[in-house]
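The values are calculated or read from the model by the stated rules, or taken from the named source; none is laboratory data. Keep in mind that this is a model prediction, so the values were computed, not measured. Heads up, the Cβs are rebuilt from the backbone with ideal geometry, glycines too, and the neighbour counts pull from every protein chain shown.
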Amino acid sequence: MKQRYGTALAVMLLSGTAASAVMAQSVTPTTPPDPPDFAAQGEPNFVNREEIFEYMALDSYSEPEWITTNFVETGKLPPVEERLPTAPLVYKAANMPDGTGAYGDVMRHVIGGRPEGWNYFAGNTQGWGGIDIGLYECLTRTGPVFQINPDDLEPLPNLATSWDWSEDGTQLTVHLIEGAKWSDGDPFDAEDVMFYWDNHVMDPQVTPLNGASPETFGAGTTLEQVDDYTVKFTFQTSHPEAVLYQMAYGTFCPGPSHILKPEHPEFSDNSYEDYRNAFPPDYMGFPVMGAWVPVEYRPDDIIVMRRNPYYWKVDENGNQLPYLDEMQYKLSTWADRDVQAVAGTGDFSNLEQAENYVEALRRSAEDDAPARLEFGPRIIGYSLYPNLSGNGWGQPDERAQAIRDLNRNLDFRKAITTAIDRQRLGNSLVKGPFTAIYPGGLYSGTSYYDQDSTVYYPYDLATAKEYLKAAGLEDTDGDGFVNHPADVLDGQNVQMTLLATNDYQTDKNLAEGVVAMLEELGIRVALNTLSGNDRDATRDSGRYDWMVMRNPTELITVVQRTDQLAPVGPRTSFNHRANDAGEMDLLPFEQEMVDLINQFIASDDGNERKEIMKNYQKVRTENLYGIGLTQYPGALIINKRFSNIPPGTPIFMYNWAEDSIIRERVYVASDAQKDYELHPQTLPPAPGGDGPVQ
Ligand code: GLA
Ligand code: CA
């Protein structure tokens, strides 16, 4: 394997030189070059959905012995069979890579984000890195779908155990798991689902963390409760299958209504801001449907979670899951996540910052390496996004408004994209066959990608300058930087800001590279790097000119969070939202994108969907909705002591690897267990309680 990598590297370095040769005359748009070969290292064992689990009652159930002794026999908890639903979700041993497991041990995550609180439903982040994915279970589940046979491709049931379409396809009846409980013992039922829908998705003053909005589920879609365990969608179109994906992680993960409702502005005197902040990070025991519950929080240090005694999934032998008793999230940096996972002081990383690849590869190739590392497809992509609002989103001042006007000018966007030397940018992150030229839009190598529908503006500084001129910008005072026309801002130099997060080295490096390249073009750019949470807040309130950002994940499969692919609603897009009056000022090409995405969401015809996406890609890349920078593969790093890690798990396909590896099913064999638990033999407190209880 080392050999293959070495050979590919040499080939790449040779072709890289040719591709970046400077051309003398004006360069015209074309299709992107083929990316350098870089084969994913693992292949999934493809299965049908029903091979992974089913819902059924077993004859008997068990749990870690210390729970029976210390909690059940002392009357602190009901017996395990009373804590489980009537028919729990039962993972089949045949589909477990290493079979049924043993209880104990911890997965030590390291993350670069910081928690704002537990109210995911009103927009709080928990710091990413798999925290929210593990806490809030959703109606369907997509992470593990990377291993589903193509002809059985559909999200997995989860809190929704099954669903049926009405004959005309305009209604979807969803059956919820019966008798499952939140981690504090309160019943989970349709009330939780309706509260999430009515008071979060449909409430314009609330934006759940991953942006679920009415548009997510198709314009005009309604949801009603049928009985305690049944809800029913009604659609404006027939068979919008995409809704099954929107019922998964990110957009349909209901919260505990018994805890949230009393704080929601509709049922209290709270403001929306009060509601969002009602469950700060030090609120312990927040009720979840996930396998672990927060029990300890030390700012800038760690979040610890202990097993959920009401978790509703079991193995074939009736052992209540999860196998791992504890989850830790050390609050550090994302780069440290790579370092610690490779060194063995952390257990897991999505290797995604290309700067760390060579060192991580070197260390994990050694025989005594504590962790294994496996590269997947090229699904990490970065783009440069213009703020496309011309009517006041983010209250631009005069300078910023002049930039918005330029941003809405295609010649200006063409100038910028043509000034970006993608080969040089990619190589500045990591040399070798990793990075590929990325024009923007869907990634090459993903299922809806079509090379012929992808418009690529090759790097050429002279051409870029011609485009600038066409946009009305010239260096009138000879200081090397282009000026506005005389009637705009008194003909001053064009001054742009570039927003980026400083949570990731890659974001910073790419942003600096872009600043340097735009300077060569004659545009002065001021970098504004912020922490992830501040970047998000600045971005979502529209207070930026341009930004460099790791692409949102909907560009990978496009069937998930599809609404985010165009400004279909007033608040769905990252780079074009409504002004304070709720008005959108879409450019004609954006309107085309919106129409295509709405058609895609409404369509259930595979061929038609392919055609729509080709069109979408063409409109998006030709008009430079976002300007692609680079795309490259990620690698999953996981400590060797863990069992049941599915082969060929990509760091992202339908969801992040933290979901795809099915953590509740992951275990450490008894003879490999370490003593890493910080709170052994304890369980989560009641909601708002002090810490782990014995
Ligand atoms: C962050 C990390 C990703 C992944 C996600 C999970 O974005 O960079 O690798 O862990 O969190 O939400
Ligand atoms: Ca000037």
_Within the stretch 271-289, does at least one residue satisfy the condition of being among the acidic types (Asp, Glu) and under 30 Å from residue 323 (Cα atoms)?_
yes
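Does residue 432 meet the test of being at positive phi and modelled with pLDDT of 95 or more?
Details: at positive phi: yes; modelled with pLDDT of 95 or more: no.
So residue 432 fails the test.
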*asked:* Among the residues in the stretch 322-329, are any closer than 30 Å to residue 629 by Cβ and either modelled with pLDDT of 95 or more or within 16 Å of ligand 2 (Cβ to nearest atom) (or both)?
replied: yes
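When you go through 457, 448 one by one, which is the residue that is away from ligand 1 (no atom under 16 Å from the Cβ), surrounded by 24 or more Cβ atoms within 10 Å (Cβ to Cβ) and farther than 25 Å from residue 501 by Cβ?
Details: 448 fails: surrounded by 24 or more Cβ atoms within 10 Å (Cβ to Cβ).
Residue meeting the stated conditions: 457.
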*For residue 340, are the conditions met, namely being within 16 Å of ligand 1 (Cβ to nearest atom), crowded, with 18+ Cβ neighbours inside 10 Å and within 25 Å of the chain's Cα centre (by Cα)?*
yes
*Answer from 607, 644, 639, 623 - the residue that is in contact with a Leu (Cβ under 9 Å, 6 or more places away or on another chain) and either polar (S, T, N, Q) or modelled with pLDDT of 95 or more (or both)*: 623
*Just name the residue that is farthest from residue 224 (Cα to Cα) out of those in the stretch 131-172 that are aliphatic (A, V, I, L, M) and more than 16 Å from ligand 1 (Cβ to nearest atom).*
148
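Each row is one residue, and each column tells you yes or no for (1) touching a Gly at 6+ places or on another chain (Cβ under 7 Å); (2) of a type in the set (A, V, I, L, M); (3) under 15 Å from residue 629 (Cβ atoms).
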{"residue": "372", "(1), (2), (3)": "no, no, no"}
{"residue": "377", "(1), (2), (3)": "yes, no, no"}
{"residue": "392", "(1), (2), (3)": "no, no, no"}
{"residue": "400", "(1), (2), (3)": "no, yes, no"}
{"residue": "404", "(1), (2), (3)": "yes, no, no"}
{"residue": "407", "(1), (2), (3)": "no, no, no"}
{"residue": "413", "(1), (2), (3)": "no, no, yes"}
{"residue": "428", "(1), (2), (3)": "yes, no, yes"}
{"residue": "434", "(1), (2), (3)": "no, no, yes"}
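Quickly run through the stretch 444-465 and pick out the residues that are of a type in the set (S, T, N, Q) and either free of Cβ contacts under 8 Å to residues at least 40 places away in the same chain or not in a loop (DSSP other than H, G, I, E, B) (or both).
Narrowing the stretch 444-465 to residues of a type in the set (S, T, N, Q): 444, 446-447, 451, 453-454, 463.
451, 453, 463, listed by residue number.
When you go through 552, 570, 485 one by one, which is the residue that is surrounded by fewer than 18 Cβ atoms within 10 Å (Cβ to Cβ), within 16 Å of ligand 1 (Cβ to nearest atom) and assigned to a loop (DSSP other than H, G, I, E, B)?
Working: 570 fails: within 16 Å of ligand 1 (Cβ to nearest atom); 485 fails: within 16 Å of ligand 1 (Cβ to nearest atom).
Checking each option against the conditions leaves just 552.
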*Among the residues of the stretch 109-134, which ones are under 16 Å from residue 298 (Cβ atoms), outside any loop (DSSP other than H, G, I, E, B) and within 14 Å of the chain's Cα centre (by Cα)?*
131
*Mind checking which residues of the stretch 260-300 are out of contact with any helix residue (DSSP H, G or I) (no Cβ under 7 Å at 6 or more places or on another chain) and of a type in the set (Ser, Thr, Tyr)?*
283, 297
_Candidates 503, 490 - the one that is in contact with a Ser or Thr (Cβ under 7 Å, 6 or more places away or on another chain) and not hydrophobic (A, V, I, L, M, F, W, C)_ = 503
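For every residue, the table says whether it meets (1) free of Cβ contacts under 8 Å to residues at least 60 places away in the same chain; (2) surrounded by fewer than 20 Cβ atoms within 10 Å (Cβ to Cβ).
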site	(1), (2)
411	no, yes
415	no, no
424	no, yes
442	no, no
467	yes, no
474	yes, yes
496	no, no
511	yes, no
*Go through (1) buried (at least 19 other Cβ atoms within 10 Å of the Cβ); (2) in a loop (DSSP other than H, G, I, E, B); (3) of a type in the set (Gly, Ala, Ser) and name the single condition residue 628 misses.*
(2)
_Here is a check on your reading of the model: is residue 202 surrounded by fewer than 23 Cβ atoms within 10 Å (Cβ to Cβ), hydrophobic (A, V, I, L, M, F, W, C), in contact with a helix residue (DSSP H, G or I) (Cβ under 8 Å, 6 or more places away or on another chain) and under 28 Å from residue 285 (Cα atoms)?_
yes
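Checking the condition under 16 Å from residue 401 (Cα atoms) and modelled with pLDDT of 95 or more, which residue from 515, 488 passes? Full working, then the answer.
Details: 515 fails: under 16 Å from residue 401 (Cα atoms).
Criteria check complete, one pass: 488.
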_Pairs needed: first member in the stretch 264-275, among the basic types (Lys, Arg); second member anywhere, exposed (fewer than 12 other Cβ atoms within 10 Å of the Cβ); C-beta distance under 6 Å; at least 6 residues apart or different chains._
none
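Out of all the residues in the stretch 301-308, is one or more part of a loop (DSSP other than H, G, I, E, B), within 17 Å of residue 664 (Cβ to Cβ), in contact with a strand residue (DSSP E or B) (Cβ under 8 Å, 6 or more places away or on another chain) and not hydrophobic (A, V, I, L, M, F, W, C)?
Step one: filter the stretch 301-308 for residues part of a loop (DSSP other than H, G, I, E, B), giving 301, 308.
Going one step further and asking which of them are within 17 Å of residue 664 (Cβ to Cβ), we end up with 308.
Add one more test, that the residue is in contact with a strand residue (DSSP E or B) (Cβ under 8 Å, 6 or more places away or on another chain), and what stays is 308.
Going one step further and asking which of them are not hydrophobic (A, V, I, L, M, F, W, C), we end up with 308.
Yes, that holds for at least one residue.
It is to be established whether one or more residues within the stretch 451-459 are within 16 Å of ligand 2 (Cβ to nearest atom) and of a type in the set (A, V, I, L, M). Reasoning before the result, please.
Initially, the stretch 451-459 is screened for residues within 16 Å of ligand 2 (Cβ to nearest atom), giving none.
No, because not a single residue in the stretch 451-459 is within 16 Å of ligand 2 (Cβ to nearest atom) and of a type in the set (A, V, I, L, M).
Quick one: which strands (runs of 3 or more DSSP E) sit completely within the stretch 135-227 and have at least 3 residues that are without any contact (Cβ under 8 Å) to a residue 12 or more places away in the chain, closer than 17 Å to residue 655 by Cα and not hydroxyl-bearing (Ser, Thr, Tyr)? Full working, then the answer.
Details: elements: 160-165, 171-176, 222-227.
Hits in the stretch 135-227: none.
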*Please find, among 101, 112, the residue that is away from ligand 2 (no atom under 16 Å from the Cβ), under 20 Å from residue 347 (Cβ atoms) and touching a strand residue (DSSP E or B) at 6+ places or on another chain (Cβ under 8 Å).*
101
